[in-house]
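Asks: I'd like to ask you about the structure that follows.
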Amino acid sequence: MSEKAKSEEVDETRMDNEIQEDQHEVNETEEVVEELSAEEKLKKELAAEKDKFLRLFAEFENYKRRTSKERLELFKTAGQEVIVSLLPIMDDFDRAIKELVKFEDKEMFKGVELISNKFRETLKNKGLEEVGVKQGDTFDAEVHDAVTQIPAPSKKLKGKIVDVIEKGFKLGDKIIRHPKVVVGN
């Protein structure tokens, strides 16, 4: 082989080596790009899962808060039906005490009064409160139930409560029976 042929062969080998090195570098770069894109893809998936988890956690916290609030309200008004059904009995006690005052039998009056007070205290301990209404108070349609309107006995009672026919009660913050009133016109 001549020197020229050997030189050409060495040049070809060198070129092949350079091409192979370039090809190897390109392959490594592509692998790095693929690894980065796979890494970026995993980071995006992780971020999406974190977001999903945070939203689910927040939703669960809201659910817990809402159910605990509902449970508290339920406990506050759990016996509402029973208490509402006992209100006419309390009205009967009031009427009985008014009538017993007229009689001379003080022992019977004391007995009925003691039972009435015990009954009232028991209901009060369960959260029952009387809605305070008296003659001369301003009429409020959201609180009072106007049974009728009559001509006002005086100018001061015009648009105000003239008489209370039935007491009103509330259980906690909720009015369970509106006071029935007569309004001056």
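The values are calculated or read from the model by the stated rules, or taken from the named source; none is laboratory data. Owing to the predicted nature of the structure, the values given are computational and were not obtained by experimental measurement. We place every Cβ from the backbone using ideal geometry, glycine too, and count neighbours over all the protein chains shown.
Asks: Kindly list, by first and then second residue, each pair from a residue in the stretch 87-115 that is outside the structural domain of Gly168 (by TED's automatic domain parsing) and surrounded by 11 or more Cβ atoms within 10 Å (Cβ to Cβ) to a residue that is modelled with pLDDT of 90 or more and of a type in the set (Ser, Thr, Tyr), limited to pairs with Cβ atoms under 7 Å and residues at least 6 apart or on different chains.
Replies: Phe93/Ser116; Ile97/Ser116
Asks: Just to be sure before I move on: is Thr148 among the polar types (S, T, N, Q) and not assigned by TED's automatic domain parsing to the domain that holds Pro179 in the structure I sent?
Replies: Numbers: among the polar types (S, T, N, Q): yes; not assigned by TED's automatic domain parsing to the domain that holds Pro179: no.
In short, no.
Asks: What number goes with the only condition from (1) without any contact (Cβ under 8 Å) to a residue 24 or more places away in the chain; (2) assigned to a loop (DSSP other than H, G, I, E, B); (3) of a type in the set (Val, Ile, Thr) that Val143 does not pass?
Replies: If we test Val143 against (1) without any contact (Cβ under 8 Å) to a residue 24 or more places away in the chain; (2) assigned to a loop (DSSP other than H, G, I, E, B); (3) of a type in the set (Val, Ile, Thr), just (1) comes out false.
Asks: Among Gly168, Gly184, which is the only one that is over 23 Å from Asp94 (Cβ atoms) and touching a residue at least 24 places away in the same chain (Cβ under 8 Å)?
Replies: Every option except Gly184 fails the conditions.
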